[in-house]
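This report concerns only the one structure given below.
The values are calculated or read from the model by the stated rules, or taken from the named source; none is laboratory data. Bear in mind the structure is a predicted one, so any value in this text is a computation, not a measurement. Don't worry about glycine lacking a Cβ; one is built from the backbone with ideal geometry, like all the others, and counts go over all protein chains shown.
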Amino acid sequence: MIEKENFNQVKKKPLNEIHGERVLYQLVWRFTPKAEVLKAFKGVARLTVPPGETNLMHNHPMEEQIYILLSGSGIIQIGKERVDVIPGDVVHLPMNVPHGFFNTGKIPAIVLNIGAGVE
């Protein structure tokens with residue numbers, strides 16, 4: 001059976017406890033028991049970050065992530081380092097290192113988040 005989801009049909013919701021109240025997440029895929037190699041993937045999500053907002057600095061002890069900026073602009077901080085990002089930029093977020101996205105632009109930033117980790 002083919003597994004398929006559409007970002008446009010998933011309700012946007014905040015993940016307050018870690019990522020702030022104004023950043024909206026659409027989690028479309030979590031691991032599936034049928035996956036063999038893909039079971040290392042922990043999720044695919046689309047973040048909508050309003051201008052001037054952040055998903056707060058946080059870390060994942062057992063998960064690496066990739067942020068892909070789809071629209072807008074901002075700064076990604078990993079540990080104490082910061083880098084400006086524009087649409088098309090892909091940034092690796094190492095396991096157990098604090099990171100966060102800060103929208104420095106005038107429009108909502110859309111970030112694709114792909115996570116993979118160890119059991």
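Based on this model, can you work out whether Gly72 counts as within 21 Å of Lys13 (Cα to Cα), buried (at least 16 other Cβ atoms within 10 Å of the Cβ) and modelled with pLDDT of 95 or more?
Yes: the conditions hold for Gly72.
What residue, of Lys42, Lys80, is among the basic types (Lys, Arg) and under 13 Å from the mean Cα position of the chain (by Cα)?
From the options Lys42, Lys80, the qualifying one is Lys42.
Can you give me the ranges of the strands (runs of 3 or more DSSP E) entirely in region 80-119 with at least 3 residues that are within 18 Å of Ala40 (Cα to Cα)?
So the answer is 109-117.
Among the residues that make up region 108-118, is at least one of them among the hydrophobic types (A, V, I, L, M, F, W, C) and in contact with a helix residue (DSSP H, G or I) (Cβ under 8 Å, 6 or more places away or on another chain)?
Within region 108-118 (the criterion being among the hydrophobic types (A, V, I, L, M, F, W, C) and in contact with a helix residue (DSSP H, G or I) (Cβ under 8 Å, 6 or more places away or on another chain)), the answer is yes, since at least one residue qualifies.
With Glu64, Glu3 as the choices, which residue is at pLDDT 75 or above and either under 23 Å from Val118 (Cβ atoms) or not in a loop (DSSP other than H, G, I, E, B) (or both)?
Result of the check over Glu64, Glu3: Glu64.
Looking at (1) touching a residue at least 24 places away in the same chain (Cβ under 8 Å); (2) farther than 22 Å from Lys13 by Cβ; (3) surrounded by 14 or more Cβ atoms within 10 Å (Cβ to Cβ), can you tell me which one Asn96 breaks?
(3)
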